[in-house]
Every structure is written in structure tokens, then in C-alpha cells.
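Here the structure comes first, spelled out in C-alpha cells, and everything after it is commentary.
The values are calculated or read from the model by the stated rules, or taken from the named source; none is laboratory data. All figures in this text were calculated on a predicted structure; none of them were measured in a lab. Positions of Cβ are backbone-derived with ideal geometry, glycine not excepted, and every protein chain shown enters the neighbour counts.
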Amino acid sequence: MKSLSRISKPSSPPCKRGLTIAIDGPAASGKSTSAKLVAKKLGYLYLDTGTMYRALTWKALRNKVNIKDGKRLPQLAKETKITLKSQSNLETKIYLDGKEVTSLIRSPLIDKNVSLISTIKGIREAMVEEQKKIGKEGGIVAEGRDIGTVVFPKAEVKIFLTASFKERVRRRWKEEINKGLSSEKKRVAIGLLTRDRIDSQRKIAPLKKARGAVVIDNTCLNIPQTVDRILEVVKTKLTP
Ligand code: DC
């Protein structure tokens, strides 16, 4: 990407150097909400790498670029500027070439196309390069699919967050209903199944448990309990 994504840190609390915490897991496993809260608790930077793939997907669809076009899409990534701005309320605003797309990139249409776009080598290379830059000083909680395996393979803390398929479908379905979308559980289930398959079976950087990652299955845990589990793992790395 040309000028690539830049993340601006909130003025309060200040982000400081510290551990690198890599959280990977399938869609609707609670990564974003938990990672955000862990980052807040530690005063670390929060990086949701999925938003970068989502923003590019939005641009590709808008420009009517074929989402399987392995030549045009990496070029599009190079011409694109994605900026992530952390807000003091824990939310991150996403800008694509200067336009805010935060809610636009969370639609079922993006959900449906983002996994395919994410399989393209040139796109992954551009994204990973930028993510490494953002996290190079540590003090970061980064979440996605390849964080512990590719982006930060030396992260001090690696978590693989997961939940049963049924529970993940329920969560995503509820999310859509809360957004006022007329959502059908069956369609959500098919969508998740397809994304799980593409994300975990792609040739480059498939979703898998990184070496040394701690698996947390939060099927029966709520968000505060999930955050506590992650912080327990972090604690073991903070105490010498
Ligand atoms: O976390 P999410 O659902 O917003 O991610 C959207 C898609 O982006 C996901 O289905 C696969 C891709 N992705 C990826 O390939 N690598 C990442 N590190 C993050 C997301």
C-alpha cells in the first residue's frame, strides 16, 4: 500500500511500549471485543487487522474490481490509504482514502467477500508489512487470523480464541438483529461456514493455532470472563 495504514494513538490512556499480544481465531469468536478490553486494561494499542482487509474489500466492490483478480487487487492495495484512528471510547475509526468507512465495512456483503480477497498473496504482503510497522515497538494487542503465525511470530503472548460453531452463529445472528438487519440464522450459518473454510484452508497464512499459543474456548464464557482468561496468560509473561 502506498502511504499505508497509520494508527493514531488516543491521547488518554497513553500507549506505552510493552508486550506484543497476538490473538487469532475464527469469525465471531469474540476476538475484537475481548482484544479491545485487554488493550484498554493494559494501556496498549489495539489493532484489528480484519478491518484492513474489510476496507480494501469495500473499495474493490465499489470499483467493481473482480474479487478474484490476483493482478488488479494488489495494485489496488498499493493505491489505497487505510488509516485506523483509535478513539478514547475504545472504538477504532477506519478511513479509506480519507473517507470514513467504519460502519460500511461491517455489512453482510463485506462479510461475504472479504475472505476471498484475503487469500490473495499481494494483498496479504501489503497488509502484513504495514501491521508489522504498527506493532514494531510492542505494547500492542493485535487480532486477526495470522497474527501469531505470520505477523508477530515472536509475540510474547499468543492466544487462539475460539467457540463452538453453534455459539458463533448465535452471536453473529444476534449482532445482525441488533443492527436492525432482517437476519436468518441459516444464512448466517452458511456464511460463517464458508468463511471458516476459506480462512483456514487458504494456501497463504491460513487460520491455525500458532506454535506456543494458548487456546481459549469461550463457548460458555462471557466477555469479562474471556478477558480475565487472556489477562491470566498475560500475567504469566509479566511476572519474571
Ligand atoms: O476479523 P474479521 O472478521 O473482521 O476479518 C475479516 C476477514 O479478513 C477474515 O474473514 C479473513 C481476513 N483476515 C485475514 O485474512 N487475516 C487477518 N489477520 C485478519 C483478517
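The figures follow:
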{"quantity": "Odd one out for VAL157 among (1) away from the ligand (no atom under 14 Å from the Cβ); (2) over 25 Å from LEU238 (Cβ atoms)", "calculated": "(2)"}
{"quantity": "Filter pass, GLU100 being touching a Leu at 6+ places or on another chain (Cβ under 6 Å) and under 30 Å from GLU176 (Cβ atoms)", "calculated": "no"}
{"quantity": "All positions within region 132-159 that are of a type in the set (Gly, Ala, Ser) and more than 19 Å from MET52 (Cβ to Cβ)", "calculated": "GLY138, GLY139"}
{"quantity": "Residue list for region 98-115, filter: more than 9 Å from the ligand (Cβ to nearest atom) and in a helix (DSSP H, G or I)", "calculated": "LEU104, PRO108, LEU109, LYS112, ASN113"}
{"quantity": "Candidate set: region 89-98, residues that are of a type outside the set (A, V, I, L, M, F, W, C) and closer than 15 Å to MET52 by Cβ; chosen: the one surrounded by the fewest Cβ atoms within 10 Å (Cβ to Cβ)", "calculated": "ASP97"}
{"quantity": "Single unsatisfied condition, LYS136 versus (1) within 12 Å of the ligand (Cβ to nearest atom); (2) modelled with pLDDT under 95; (3) not hydrophobic (A, V, I, L, M, F, W, C)", "calculated": "(1)"}
{"quantity": "Per-region count, region 27-85, residues of a type in the set (S, T, N, Q), surrounded by 17 or more Cβ atoms within 10 Å (Cβ to Cβ), under 25 Å from LEU161 (Cα atoms) and more than 10 Å from the ligand (Cβ to nearest atom)", "calculated": "1"}
{"quantity": "Of residues in region 119-132 being among the β-branched types (Val, Ile, Thr) and in a helix (DSSP H, G or I), the one surrounded by the most Cβ atoms within 10 Å (Cβ to Cβ)", "calculated": "ILE123"}
{"quantity": "Residue check for ILE177: buried (at least 18 other Cβ atoms within 10 Å of the Cβ) and more than 25 Å from ILE120 (Cβ to Cβ)", "calculated": "no"}
{"quantity": "Members of region 96-119 that are more than 20 Å from VAL65 (Cβ to Cβ) and either of a type in the set (Phe, Trp, Tyr) or more than 17 Å from the chain's Cα centre (by Cα) (or both)", "calculated": "GLU100"}
{"quantity": "Residue within region 203-212 that is in contact with a Phe, Trp or Tyr (Cβ under 8 Å, 6 or more places away or on another chain) and away from the ligand (no atom under 13 Å from the Cβ) present", "calculated": "yes"}
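Per-residue answers, yes or no, for (1) touching a Leu at 6+ places or on another chain (Cβ under 8 Å); (2) closer than 24 Å to LEU116 by Cα; (3) of a type in the set (D, E, K, R):
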| position | (1), (2), (3) |
| --- | --- |
| ILE177 | no, no, no |
| LEU181 | no, yes, no |
| LYS186 | no, yes, yes |
| THR194 | no, yes, no |
| ALA213 | no, no, no |
| ASN222 | no, no, no |
| GLU232 | no, no, yes |
